[in-house]
Amino acid sequence: MHITEFSLRRPVTTLMVFISLIVVGLIATRMVPLEFMPNITFPGAFVQLPYPNATPLEVNENIARPVEEVLATLSGVEQINSNSGENNAGVVVLFKQGTDIDIKAIEIKEKIESIRNQLPDDFEYYQIFKFQDGDAPTLNLRISSNRDLSNSYELLNRNLQQRIERIPGVGQVDMYGVEKKEIRIELDPARISAYNINLNELSTTLRQANFSMSAGKISDAGMRYMVRPLADIHSYEDIENLIISDNNIRVKDIAEVHYKTPRRDYARHLDQKYAVGLDITKESTANVVEVVNLVMAEIEEINKLPEMEGIQIYEMFNQANGILSSLRELFNAGMIGAVFSIFVLFIFLRHFGTTMIIATAVPFSIIVTLGFFFFLDITLNILSMMGLMLAIGMLVDNAVVVTENIHRFQRKGFSPQKASLLGAREVSIAVTAGTLTSIIVFLPNVVNESFISQHMYYIGMAIIIALLASLIISLTVIPLLASKIKPPKESPKSTLIDKMADKYAGFLRWFLERRKISVLFIALLFLSGAIPLSFMSVDMFPRVEDRRLNLQYNLNASYTLDTVKESVDRVEQYLYDNQESFEIESVYSYYTPDYAISTINLTDDDKAKKSVTKIKEEIAENLPQMAIGRPAFEFISRNSSEQVRVFVQGESMQELEDLAEQVAWRLSTVEGFADVRSEAESGKEEIRLTIDHNRARNLGLSSSDIANVVSGAMRGQTIQRIRGEESEIDVVLAFRDVDRQTMDDLRNLPISFGENQTTNLSSVASMEQKQGPGRIFRENRKMSLGIAINLDGITSEEARREISAVMNQIIYPTGYSWSYGRSFGNDMDAMNTMLFNIGIAFFLIYLIMASLFESLLYPSSVLSCIFFGVIGIFWFFFITGTTFDLMAFIGILILMGIVVNNGIVLVDHINNLRAEGLSRREAVIQGGRDRMRPILMTAGTTVLGLLPLCFGTTMIGGDGGPPYFPMARAIVGGLTFSTVITLIVLPSIYVILDDIGIWGARIVRASAVKV
C-alpha cells in the first residue's frame, strides 16, 4: 500500500502520528543544549612546558628537544613544531586526519612520562591541550579597580572564583593577574658561610621535613589501630623552628621566612587600570546560555558584597551573546524569508487554504528536526543553525510539487480524494529522488574525516532531517488536507500565470524547432562562464578584519617591568586622548619584561564611521616613538583565519635571524603587503659561568653540584607544599632579593665542600657577559623562523604568487630554505576537500537519477543544470563583486541538490506523458507547461527565503565568524540562472540526448542485422 493511500484511508491515525511527532519535538526542543561551537576535534595537540627562570637555550636543550624527539616516535605524526622562550616551551603536534586525538593525548602523556628522568629535577609539570572548538572559554571577564588588585588573590578567590566554580554547569574557572601567596625561605649568604651550610643538603632536609604516611597496624585490648607517623607543617612559624643541622641550627638562624605574594613578571591593564582576568569554561553537556545567565546573576550578587566595593567586572567575550545574536539574526532572516515565500505561493496559487497547507511543511519539519537533534545528541550551535536556515527555503518544494499535481488532477474532473491519491502517487518517485539528491550531496561530508567535513556534518544533518520530514509530510499530510478542502475554482479569465504558461509553451515550441539556434545558444551560454571566471577573486578563508586591533610593541630586548610599563602607559594615554576620533571603546594591555601588546576594541559596526584600515592609519601616524621597541599592528580576522606567514629554515638561529630581516625588508616593498615583520626576538644579556673542572674536583665538587647551588640560590626552588586553610601553599627556597642583584652577589655565592668548609663561586668558576639567544623556533626538529605579513587589498592566492616571486630571488646559504605558512596549506586543503566532495556528490546524484529514469542519457540532461547553475554563480559573484570562498563552495554543494530537483520533476513528467501516448515534442512542450508553475514556485520560495541573508551582513555566531552572504549568493545566483536553464535549455538538451539514444539504438540494430 502506498504511503499516500494509507494516509487517506486512515486520516485520524495519520494526524495522531504527526501530532505526536510535534509534541515530542516541542518537548525535546526545550532540552537541546545551546552552544557556540560543537565539540569538534582537530587532530593536533599543544604541550605546554613551564620552566620558570630559565633561558631559551636552556629550555630548548633540556626540555623542548627531548620532548620533541620522543613525540616524533608516535604513529601518524605529520608535523611537530616547538618554540622555546624564557620560562617556558610549547610543542605542537599535528596528526593525520581521522586520528582520535583523545587517544593520542593519552599517548603523548605516556611518552613524556617515559623520559621524565631525562628532564631537569626541578621541572614540575606540563599541560596537554587538545585542539577542539568546544573547549574555548564560555565567558572572558576582566576585573579592574581604582585600588591595587595585585595582592588581592585571597579576596578574589574567595568572593569570585570559588563562588562561580560552585555554579551548576561551570566546568573550570581560571584566574590570572593575581598570584597566590607563598612561603619564602630567604637565605642570608653571610650566615650560610658562617655556619658552613651546604645548600644542596639543606634543600633535601627541607623536602623531607613534611610528610604523612601509613606504617601498618597494631593490636591492643582486642582492637586494631592504624599507625600513621606525621610530621605536618602548618605555618611558616613551624618552618622557622625546623632544625637543619647537628648543632641545633634552625631555619630562622640562617634565613628569614615570609608569607607573601611572589614578585610578578607581568601585568595587565584595562582602560589604563590594573586588571585581573577570569576565564570561565562550561561543562561539555551544559547549556551555554543557561550557564552564562547563572554566572552573570551570581556576579550581580557578588557586586553587592562590601568587600567588592569599587571593583568593576567587565565582559570581554560572551559566547551566549554570539549565540543569541546569531539566533536572532537567523530568526529575523527566516521570518522575512518565510513571509516572502508564502507571498510567492499565494501569487501563484491564488488560494489561501492551499497556501497555508503548503506552509505547514516549514514549522513541522523544523520542530521534528529539533526533536531529532535531542535524540542524536546534536546541539543547537552556529553550524546546525546554519543548516536549519538553509533548509527553510527548500522545505516547501516537495509540498508545492505534490499540491500542484493534485490540482492538475482536480482540474481534470477527479474527486478530491481520487485526485489527491493519483496526484501524490504520480510524483512520489520524482520528489523522493529529488529529496535524495539534496540529501546525498552531504554524504561525502558526513562520512569523510577531514576537518571541514566535521563542520559540514552539523550543517548536513540539519538539512537531511528537515528535508526527510518535509518529504514525509508532503506525501501524507499534504494530500490528506488537500482532499478535505475545496479545490481552487477554475477562473474563467486567464490569469497572469496562465498567460506566462502560454507564452512559454509557444517560445519552447519555436526553440525546439530550431536545432542549430538552440545548440549555438547552449554552447555560448556555457562558454560565457569564462568571462566572470577570469575576473573572479578566489580566497578560501578571506581575511575579514574585526573591529579590534592588536598593537604589538615588538620589544628589542628584555627590560624591567617598570620600563615596559612606562611605554605602555604612554601609548595608552595617546589612544585615550584620541578616543572619540579613533572610535575606541576600550583598550586592554598585557606586558612582560620582553613582550607587550595592546588590544584596541573599536566601536561596533552599526556605530562605526571609519573603516578599520583608516583607523589603523590614523593611529600609526602620530603613535609615540619608543626606544625599547617598534610597535606594529597584528592582523585579527573575524573568521579566525591565520595571519599570512612565510618561514625560513636552517641550522643556526643567528643565521636565520639575519636571513629573516632580509626577507622582511624585501617583502615590505611588495604592494599589498603591510606590517611585514620578522618574528625573531632579541636575546637577553646573560652571565655565563664556566666551571673550572680541576679546581672543583680538588674540592670534592662536581659541575652539577655547583650548577644546582647556583640555580637554587638565584632562581629559587619549590621544595614542598603544605596544607593551608583553603588550599596548598608553595614553600620556596631562595636567596634574599638584595643578595642576588649584582655580579658581586653572584661571585660571593657560598659553596660548601668537605667537612664544614666554604668557598665562593668565583673560586671555582669564571664569568663573562654575553647576549643569549631569543626565542627559539623549530619545525619538524629543524630551526625555523617566521615572517608575518598583513594583507592590504589582495587575496591570499595573490599573496602566494608575490611571496614565491620574492623568495625565489634570494640566495640562501647551504642547508637553508624557505616554506609557506599553514595559512596557505589550509587554503589548498580546504579547496581540495571541497572539490573532492563535490565530485563524489556529482557521481552519487547521477546514480540516483539513472536508477529513477532507467537510462544513462536522461540523467545527463538534468546534470547540465548543475553546470549552468555554477555559471550563474560566476556571473552573480562578478556582478556583486563577491570573493569566492569556502562558504561559496558550501553554497555550490547545496545548490547541486536543489537545481536537479526541478530537472527531475520536469523530465519525469515528460516521460510519463510520452508513456501516455503523446509524441516526444508535444510531451516536452506539455510537460514544460505543466511544470512551469511548480518550478517557478519552488525556485521563488528558496531564492526569496535566502534574500535577507544574500544582501545582509549576518555572520556565523553574531560577530564571531565569516558572513553568510557568499553562500546565500551562490545559491540565489545559481538557482535563479539554472531555473531559466531548466525551463528553456533543459528541454532542448533532453531532445538532443534522446536523438543520440535513438541513433545509437539504430546503429546497434543495424549491426545485429548484419551479423
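Taken together, the residues in the stretch 171-198 that are open to solvent by 20 Å² or more (accessible area, probe 1.4 Å) and either touching a helix residue (DSSP H, G or I) at 6+ places or on another chain (Cβ under 7 Å) or among the hydroxyl-bearing types (Ser, Thr, Tyr) (or both) amount to 10.
Evaluating residue 885 against the criteria (1) at pLDDT 85 or above; (2) open to solvent by less than 40 Å² (accessible area, probe 1.4 Å) leaves one unmet condition, (1). The set of residues from the stretch 892-920 being among the small types (Gly, Ala, Ser) and part of a loop (DSSP other than H, G, I, E, B) comprises 917, 919. In this structure, residue 581 does not satisfy being part of a loop (DSSP other than H, G, I, E, B) and buried (at least 20 other Cβ atoms within 10 Å of the Cβ).
Within the stretch 439-462, if we keep just the residues that are open to solvent by 10 Å² or more (accessible area, probe 1.4 Å) and of a type in the set (S, T, N, Q), the residue that is modelled with the highest pLDDT turns out to be 454. Residues that are closer than 30 Å to residue 921 by Cα and in the same structural domain as residue 832 (by the TED database) are absent from the stretch 530-550. Just one of the numbered conditions (1) of a type in the set (D, E, K, R); (2) open to solvent by 70 Å² or more (accessible area, probe 1.4 Å); (3) more than 24 Å from the chain's Cα centre (by Cα); (4) under 30 Å from residue 779 (Cα atoms) is not true of residue 30: (4). Considering the stretch 303-327 alone, what residues qualify as being surrounded by 15 or more Cβ atoms within 10 Å (Cβ to Cβ) and in a strand (DSSP E or B)? Within the stretch 303-327, 311, 312, 313, 316, 317, 318 meet the criteria. All told, residue 168 meets the bar of being in contact (Cβ under 8 Å) with a residue 40 or more places away in the chain, closer than 23 Å to residue 291 by Cα and open to solvent by 50 Å² or more (accessible area, probe 1.4 Å). Taking every residue in the stretch 926-952 that is more than 23 Å from residue 991 (Cβ to Cβ) and open to solvent by less than 10 Å² (accessible area, probe 1.4 Å) and pairing it with any residue that is among the β-branched types (Val, Ile, Thr) and in a loop (DSSP other than H, G, I, E, B), at least 6 positions away or on another chain, the pairs with Cβ-Cβ distances below 7 Å are 941/396. For the stretch 84-110, which positions are at pLDDT 85 or above, of a type in the set (Lys, Arg) and surrounded by fewer than 17 Cβ atoms within 10 Å (Cβ to Cβ)? Result: 109, single match.
The set of residues in the stretch 640-694 being at pLDDT below 75, part of a loop (DSSP other than H, G, I, E, B) and out of contact with any helix residue (DSSP H, G or I) (no Cβ under 6 Å at 6 or more places or on another chain) consists of 640, 641, 643, 679, 681, 682, 683, 684.
Close contacts from the stretch 553-570, counting a first residue that is in a loop (DSSP other than H, G, I, E, B) and a second that is among the polar types (S, T, N, Q) and open to solvent by 20 Å² or more (accessible area, probe 1.4 Å), with Cβ to Cβ under 6 Å and a gap of 6+ residues or different chains, come to 556/682; 557/682. Scanning the stretch 18-65 for residues that are of a type in the set (Ser, Thr, Tyr), touching a residue at least 24 places away in the same chain (Cβ under 8 Å) and not in a loop (DSSP other than H, G, I, E, B) yields 29, 41.
Is one or more of the residues making up the stretch 279-299 of a type in the set (Lys, Arg), modelled with pLDDT of 80 or more and either under 30 Å from residue 204 (Cβ atoms) or within 43 Å of the chain's Cα centre (by Cα) (or both)? Even if it seems obvious, please write down each step before you answer.
Within the stretch 279-299, the subset of a type in the set (Lys, Arg) is 282.
If we keep only those that are modelled with pLDDT of 80 or more too, we end up with 282.
From what's left, either under 30 Å from residue 204 (Cβ atoms) or within 43 Å of the chain's Cα centre (by Cα) (or both): 282.
For the stretch 279-299, residues of a type in the set (Lys, Arg), modelled with pLDDT of 80 or more and either under 30 Å from residue 204 (Cβ atoms) or within 43 Å of the chain's Cα centre (by Cα) (or both): present.
Residue 150 passes every criterion in (1) in contact with a Ser or Thr (Cβ under 7 Å, 6 or more places away or on another chain); (2) more than 30 Å from residue 62 (Cβ to Cβ) apart from (1). Only one of the numbered conditions (1) out of contact with any Pro (no Cβ under 6 Å at 6 or more places or on another chain); (2) more than 30 Å from residue 78 (Cα to Cα) is not met by residue 54, and that is (2).
Looking at 422, 436, which one is open to solvent by 30 Å² or more (accessible area, probe 1.4 Å), closer than 28 Å to residue 833 by Cα and assigned by the TED database to the domain that holds residue 907? Spell out how you get there, then give the answer.
Numbers: 422 fails: closer than 28 Å to residue 833 by Cα.
From the options 422, 436, the qualifying one is 436.
One residue stands out in the stretch 856-882 among those that are outside any loop (DSSP other than H, G, I, E, B) and of a type in the set (Gly, Ala, Ser): the one that is surrounded by the fewest Cβ atoms within 10 Å (Cβ to Cβ), namely 860.
Go through the stretch 584-631 and give me each residue that's in a loop (DSSP other than H, G, I, E, B) and either in contact with an Asp or Glu (Cβ under 8 Å, 6 or more places away or on another chain) or open to solvent by 60 Å² or more (accessible area, probe 1.4 Å) (or both). If you could, list the steps in order and put the result at the bottom.
First pass over the stretch 584-631, keeping only residues in a loop (DSSP other than H, G, I, E, B): 593-594, 603-604, 608-611, 622-628, 630-631.
Of everything in the stretch 584-631, those that are in a loop (DSSP other than H, G, I, E, B) and either in contact with an Asp or Glu (Cβ under 8 Å, 6 or more places away or on another chain) or open to solvent by 60 Å² or more (accessible area, probe 1.4 Å) (or both) turn out to be 593, 594, 603, 604, 608, 609, 610, 611, 622, 625, 627, 630.
Filtering the stretch 37-63 down to residues that are open to solvent by 60 Å² or more (accessible area, probe 1.4 Å) and touching a Gly at 6+ places or on another chain (Cβ under 7 Å), which residue is modelled with the lowest pLDDT? The extreme case among them is 39.
The values are calculated or read from the model by the stated rules, or taken from the named source; none is laboratory data. These numbers come from a predicted model, not from an experiment. When we count neighbours, we look across all protein chains shown, and the Cβ atoms used for this are built from the backbone with ideal geometry, even at glycine. In case anyone asks, the SASA skips ligands and DNA or RNA and just uses the protein heavy atoms, side chains included. Shrake-Rupley method; radii C 1.70, N 1.55, O 1.52, S 1.80 Å.
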